[in-house]
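The values are calculated or read from the model by the stated rules, or taken from the named source; none is laboratory data. As the structure is a prediction and not an experimental result, all values here were calculated from the model. Here the Cβ positions follow ideal geometry from the backbone for every residue, glycine too, while neighbour counts run over all protein chains shown.
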Amino acid sequence: MLEIKDLHASIEDKKILNGINLVVNAGEVHAIMGPNGSGKSTLASVIAGKEEFEIKKGSLALDGEDLEELDPEERAHKGIFLSFQYPVEIPGVSVTNFMKTAINASRKARGLEDMPANQMLKLIREKSEMLEIDRKFLSRSLNEGFSGGEKKRNEIFQMAMLEPKLAILDETDSGLDIDALRIVANGVNKLRGKDNAIIVITHYQRLLEYIVPDFVHVLHDGKIVKSGNKELALELEEKGYDWIKQETVV
Amino acid sequence: MAYTEEELKKELETKEYEYGFYTDIESDTFPKGLNEGIVRAISKKKNEPEWMTEWRLEAFRVWEKLEEPEWANVHYEKPDFQAISYYSAPKSADPNKSLDEVDPDLLEMYRKLGISVDEQKRLQNVAVDIVVDSVSVATTFKKTLAEKGIIFMPISEAIQEYPELVKKYMGTVVPTTDNFYAALNSAVFTDGSFCYIPKGVRCPMELSTYFRINEGGTGQFERTLVIADESSYVSYLEGCTAPSRDENQLHAAVVELIALDNAEIKYSTVQNWYPGNSEGKGGVYNFVTKRGLCEKNAKISWTQVETGSAVTWKYPSCILKGDNSVGEFYSIAVTNNFQQADTGTKMIHLGKNTKSTIISKGISAGQSQNSYRGLVQVNSRAENARNFSQCDSLLMGNLCGAHTFPYIEAKNKSAQIEHEATTSKIGEDQIFYCNQRGIDTEKAIALIVNGFSKEVLNKLPMEFAVEAQKLLEISLEGSVG
């Protein structure tokens, strides 16, 4: 589904990604781990199409289609979703209104009419129940005054509403207490399917106890330095990132 | 490619004025210049009674002695008042005509503006008094309103038919001596609307006036007088658009509202006059005096959505004379390219237990300057006066400016006055967040701007909130290709 080849990217001439190779197939969950500053969030932003990052070399494609020339919204229409590490506030725009606008924008791109109101309401009810979200929450301004946990839960709610082909969860576990983590992880697990894929970016093994990955990759200095199965995450937890750093030096 | 702020700014700058067409109608226009003779001629043209002519002349003499105000945070080339023609009436206008007989060019113009009279008629809930340049050409719903005793007509007709009402109230809230532009308006106003709601009557529909400047080189001097008698209610909306013209056009209107005991007036404005081109050439000078007087337990709400004009100088105000009276001001002012706006309100608390609320939202883009200027004044006898003010500014790009000039004068210790202000910028992060959810940049800006303006948009009558929302989008976006 997603194919990244020898991807180099920089911001303001500062190299951040130095040759990433990654293939994600439908039905798979990949975890990307790594120390601070290793390029995890940059990788997420580059896949989503954030402008300030410049691709210097290499390629990235979704279902064989080159992504580089596509606007972020076009990538979203093709099914790429990013759960932000720091979701932004948009005062005066309710969660419901935002979702309505987003869903109808994607439908329009696919040549469909706006989703009928009753269908929209049904979808909202269904997905908010799944993530144990209070209905009152949905009429609040997007992310404004939300706690860290509420922001993250709202990101996963949006993911559930948009049903993306490829979801990238950027440090979704940060700011979540253990109960919220379990609810969010359960939600994500319900969204796992044979036709979609998920990339989980995290510092810690903890989230991976709930969202069990098929593959784990370790990122260091903008490169994937080690790949393995879920055991790799445990090993990392035990030995720390220094272990990887030392190994790469050797 | 995704939009950078730089590209966004360029896009905004190249946006053309939507209503920049010019309808070719034969006009009956006075020679340029202003003197007592012109004032008399206007009065004669309107078949006015002697007292009205005298009233105008008195105002003219006051105006001659006044100086143009210079304290506002706006810079422009001052109009040459002797180079303006003070009367322009479409020749085909005749208030007694049925709509079928109206000049098809005029109807075409309404159609372009999206306010076709036929359509308005079908809207049922909206009575429209349309003003093209200076003369009202069509008034609908007069009969329905007449059954309730409501008078809604061009002010020129009211002067003929209800001289005692006009005489009693005109100039009582905005005296001819009030300021330079109010004096000018008093001398040369050619038309406008008059509205009277009798005691205890709740006006069953929104009353609405569309103003429009058409003839090049003409000024427009509207005069509006709304009187809500005891325990009555009325909601009034004025909407404005103007065609694209090269020279600056002057607009100096006066609006007076009178809310007698227990009455309520809601006055909403959507203003979309030509703002000038992207280099700051042309555009309307909008120098308007709007003020309302509240008697006991009365309430006046001003709601305005201001997106047009090259220069705006406008402070819809409330004099809270009666005890327990309430004044409200809800405003959205959008400036783009080289537009300049200095707008706000004055809340004058005279009575006991008077309350006022000010919510002002300024949105600046391009190289525009957007200023909020507001006065909250509590008189020594105004026990327990309360005011809440909130001024929020939203900036787009790095070249525009937002300014806030709040003035507070409290002469009574029991006064409670609160003022809150925020300034924010539409961030690339916000736009990227929306993009990532599939929302393009144009829609994203509309969403963010509408969210920012929501508190004020919610105050508009339902029928117009949607239009206003569209207008905000048009003013800020243009078509992103």
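Observations on the structure shown:
- Any hit, the stretch B:379-399, residues being under 29 Å from A:F84 (Cβ atoms), within 13 Å of another protein chain (Cβ to nearest Cβ) and touching a residue at least 60 places away in the same chain (Cβ under 8 Å): yes
- Output for the stretch A:110-120, where each listed residue is more than 25 Å from the chain's Cα centre (by Cα) and either modelled with pLDDT under 90 or not aliphatic (A, V, I, L, M) (or both): A:G111, A:E113, A:D114, A:P116, A:A117, A:N118, A:Q119
- Which numbered condition A:L60 fails, given (1) facing chain B (nearest Cβ under 7 Å); (2) under 21 Å from A:N25 (Cβ atoms); (3) not small (G, A, S): (1)
- Within the stretch B:428-441, considering residues that are surrounded by fewer than 24 Cβ atoms within 10 Å (Cβ to Cβ) and more than 7 Å from chain A (Cβ to nearest Cβ), the one modelled with the lowest pLDDT: B:E428
- Checklist (1) closer than 16 Å to B:F189 by Cα; (2) modelled with pLDDT of 80 or more applied to B:N73, failing item: (1)
- Residue satisfying all of: in the stretch A:128-154; of a type in the set (S, T, N, Q) and assigned to a helix (DSSP H, G or I); nearest to A:S94 (Cα to Cα) among these: A:S139
- Strands (runs of 3 or more DSSP E) within the stretch B:309-372 that include 2 or more residues in contact with a Gly (Cβ under 8 Å, 6 or more places away or on another chain) and touching a residue at least 24 places away in the same chain (Cβ under 8 Å): B:317-320, B:326-335, B:340-349, B:355-364
- Within the stretch B:447-471, the set of residues being more than 12 Å from chain A (Cβ to nearest Cβ) and either in contact with a strand residue (DSSP E or B) (Cβ under 7 Å, 6 or more places away or on another chain) or among the small types (G, A, S) (or both) comprises B:K459, B:L460, B:P461, B:E463, B:F464, B:A465, B:E467, B:A468, B:L471.
- Exactly one residue out of A:E74, A:E132, A:E171 is out of contact with any helix residue (DSSP H, G or I) (no Cβ under 6 Å at 6 or more places or on another chain) and away from chain B (no Cβ under 12 Å), and it is A:E171.
- For the stretch B:295-315, the set of residues classified as touching a Leu at 6+ places or on another chain (Cβ under 8 Å), crowded, with 24+ Cβ neighbours inside 10 Å and not polar (S, T, N, Q) consists of B:A298, B:I300, B:V305, listed by residue number.
- Here the condition is being under 22 Å from A:L17 (Cβ atoms) and of a type in the set (G, A, S); of A:G193, A:G240, A:G228, it holds for A:G228 alone.
- The single condition from (1) away from chain B (no Cβ under 13 Å); (2) farther than 19 Å from A:P213 by Cα; (3) assigned to a loop (DSSP other than H, G, I, E, B) that A:R125 fails is (3).
- Members of the stretch B:152-188 that are of a type in the set (S, T, Y), over 22 Å from B:E36 (Cβ atoms) and within 20 Å of the chain's Cα centre (by Cα): B:T172
- Residue, farthest from the other protein chains (Cβ to nearest Cβ), within the stretch A:77-115, restricted to residues that are more than 30 Å from A:K15 (Cβ to Cβ) and hydroxyl-bearing (S, T, Y): A:T96
- Extreme residue, farthest from the other protein chains (Cβ to nearest Cβ), among residues of the stretch A:30-54 that are within 16 Å of A:A76 (Cα to Cα) and among the small types (G, A, S): A:A44
- Criterion applied to B:A444, B:A402 was being at the interface with chain A (Cβ under 10 Å from one of its Cβ atoms) and crowded, with 21+ Cβ neighbours inside 10 Å, and the one residue passing it is B:A444.
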